[in-house]
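Reading through the structure tokens given below for one structure.
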Amino acid sequence: MADLTIKLDVHRVVAVERYAGKTLNEILRDVESEAGMSLTVLRGMLAAGTQPGYLAAMEVGVCEPDRDRADALLARHGIAACAAAAGAALAHFLRSLEKPGT
């Protein structure tokens, strides 16, 4: 699953927020819900989280090639594996926001 590497940073999270039409707080509630992460949030995380770094830094948001790549990952790996990878990437991003020693 080498191609299922998802990286989230501030720029990419903003792109997910815009794509899903939700704030980060709403996305976190979605991810932690009993029903699990919505397909819209998952697709947004896959699309933004696999964008080349230069595009994420330019804040172009999620575009058609990103959505196509996300759909291909979902088709290749399935929802469960993609959701696990997206959840791990989100957890890593949130840990990166913590101050050392807290």
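Coordinate-derived values only; no laboratory data. Just so you know, these numbers come straight off a predicted model, no measurement behind them. Neighbour counts run over all protein chains shown; Cβ positions are idealised from the backbone, glycine included.
Where Lys and Arg each count +1 and Asp and Glu each count -1, what net charge lies around ASP71 among other residues with Cβ under 13 Å from its Cβ?
For residues surrounding ASP71, the net value is +1.
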Open item on the list: Under the rule that an exposed site lies in a DSSP loop and has at most 16 other Cβ atoms within 10 Å, name the longest stretch of the chain with no GluC sites (Glu not before Pro) of that kind, not counting the sites themselves.
Closed with: 60-97
- [ ] Could you run the Karplus curve 6.51 cos²θ - 1.76 cosθ + 1.60 with θ = phi - 60° over segment 27-33 and give me ³J(HN,Hα) per residue in whole Hz, x for Gly and Pro?
- [x] 5, 4, 4, 4, 5, 8, 5
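So if each residue of separation counts as 0.36 nm, and I subtract the Cα-Cα distance between GLU98 and GLU34, what length gain in nm does that give?
In short, 20.5 nm is gained.
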Open item on the list: Using the Karplus curve 6.51 cos²θ - 1.76 cosθ + 1.60 with θ = phi - 60°, what ³J(HN,Hα) values do you get for each residue of segment 70-85, in whole Hz, with x for Gly and Pro?
Closed with: 4, 4, 5, 5, 4, 5, 6, 9, x, 5, 4, 5, 5, 5, 5, 5
